[in-house]
Amino acid sequence: MKLLAITLNDIRRFTAPVRIDGIGPGLNVLSAPNETGKSTLFDALQAVFFVGHTRKPKEIMALRPHAGGAPEVTVELETAEGRFVISKRWMSKPMAEVARDGRLIAKADEAEAWITALVHGAEDGGPAGLLWVRQGLSGLDQGSRGEQDAARSARRDLMSSVTGEVETLTGGRRMERALARCREELAGYVTATGRSKTGGPLAAAEAERDALLAREGDLTRIAQELQQALHRRRALRRDLAELRAPEAAEARGRRLAEAVVVQQAAERHAEAMQRAETAVTTARLRLEAAAGKLAARQAARDAAARAESALAEHAAAAQAAGAAQAQSDAALQAAQDRAAQARKTAEAAAQRYNAALRAEAARGASDRRLELADRLARAEAQDAAIAADRDAAGRGPDGKALAGLEALAQELAVEQRRREAVAPRVAIRYDAGVAARVLIDGTELAPDADMAL
């Protein structure tokens, strides 16, 4: 197998496609300053031949650019069967393809099997005629088991080839000295287990590498910030150029004039709104004043209604007082009638007394005289009461007498209503053709009359 060309895309620093071609037969030397991508090229070759496209080991993660992306490698090679192109992409939309003379012959797992058969021998699974030594691979315990086995086989083949060449040239003596010198030099860098020796140049280089990696992260962050700042500056410059353009200035002037017109219209509208709010406030105050007047007028109406009710009550009281006066007049008349009756009684009593005296005188009984004297005293007392009644009748009834009469009249009315309420009642119905009638106290009951007994 002979490599002819390699193309990298989104591999570490190569975020744009980079192609290396012109690789010829024999020895090819790749020379360039440090940190230009030589190791990246060989790591990409290692990945395309030994890392499946669906895997995401740390080697593939290390190939990804800081800005992100899907690492992709294309290799052109030549075998005894012809020219082939191998393409692989990892992570996003992983892909593996093998083409021959522009025609796709395998993809995905078939392409991986084709590549494995190309780089491994059929007997022991190790490299078939391919010497592969990766930079930084210092131990045999790194990578997967297959990779470890391949590395051991490669080193075994390498050592066999080198030993044979050296033995041929030096007869075996210089090979031992060279190996001893290599072991001595290697002991200054690593321990027997293959780890970096403390205080040695390799440990110092690794520490420097770690510091540089940390510095690289800081610088990458600063570079990203600067890149963003540059983007912002370019955007601001574009905006400034647009602002300084005559057409933009003219457009801004038109927009400003339109804005001034709109502002003036808004101010006029605000003034109109202010006047409307003032009118609304005035109308509200007037409405509140009218409501107060209406409430006062309603209160006056209520007071007038109460006055009318009180007047009606006073009129009823006056009417009741007139009725009471009439009752008093009736009582006075009754008192005068009783007084006249009393005078008649007194005259009759005096006549009976005189007759009694004559009878007593005729009979001459002393007890009769005492009785008559007693009657005479009672008659004199009655005569005095009659005189007092005459005097009272002459003066008319006083307030106490009127109050008493009114109370008696009320009691009489109450008792009459009570008697009518509790008294048995009778109603008479006479059949046609019956001449008999019902009498109560000599009074004939009228037909269908409701009468209290």
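The values are calculated or read from the model by the stated rules, or taken from the named source; none is laboratory data. Predicted model, so just to flag it, every value in this text is computed and none were measured. A quick note on method: Cβ atoms are made from the backbone with ideal geometry, for glycine too, and the neighbour counts reach across all protein chains shown. Protein only, heavy atoms only, side chains kept; ligands, DNA and RNA dropped before computing areas. Shrake-Rupley method; radii C 1.70, N 1.55, O 1.52, S 1.80 Å.
What the table shows:
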quantity	calculated
Subset of region 73-108 [in contact with an Asp or Glu (Cβ under 6 Å, 6 or more places away or on another chain), among the charged types (D, E, K, R) and more than 18 Å from Pro57 (Cα to Cα)]	Lys107
Matching residues in region 21-47 - criterion: being of a type in the set (A, V, I, L, M) and open to solvent by 50 Å² or more (accessible area, probe 1.4 Å)	Ile23, Leu27, Val29, Leu30
Residue match in region 216-224 (condition: surrounded by 11 or more Cβ atoms within 10 Å (Cβ to Cβ), in contact with a helix residue (DSSP H, G or I) (Cβ under 9 Å, 6 or more places away or on another chain) and not hydrophobic (A, V, I, L, M, F, W, C))	no
Residue check, Arg343 of a type in the set (D, E, K, R) and open to solvent by 100 Å² or more (accessible area, probe 1.4 Å)	no
Filter result (among the hydrophobic types (A, V, I, L, M, F, W, C) and over 49 Å from the mean Cα position of the chain (by Cα)) within region 63-74	Leu63, Val73
Among residues of region 89-147, those that are β-branched (Val, Ile, Thr) and modelled with pLDDT under 50, counted	0
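Yes/no per residue for (1) under 22 Å from Pro25 (Cβ atoms); (2) in contact with a strand residue (DSSP E or B) (Cβ under 7 Å, 6 or more places away or on another chain); (3) open to solvent by 10 Å² or more (accessible area, probe 1.4 Å):
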{"site": "Phe49", "(1), (2), (3)": "yes, no, yes"}
{"site": "His53", "(1), (2), (3)": "no, yes, yes"}
{"site": "Leu63", "(1), (2), (3)": "no, yes, no"}
{"site": "Ala67", "(1), (2), (3)": "no, no, yes"}
{"site": "Lys93", "(1), (2), (3)": "no, no, yes"}
{"site": "Ala96", "(1), (2), (3)": "no, yes, no"}
{"site": "Leu104", "(1), (2), (3)": "no, yes, yes"}
{"site": "Glu110", "(1), (2), (3)": "no, no, yes"}
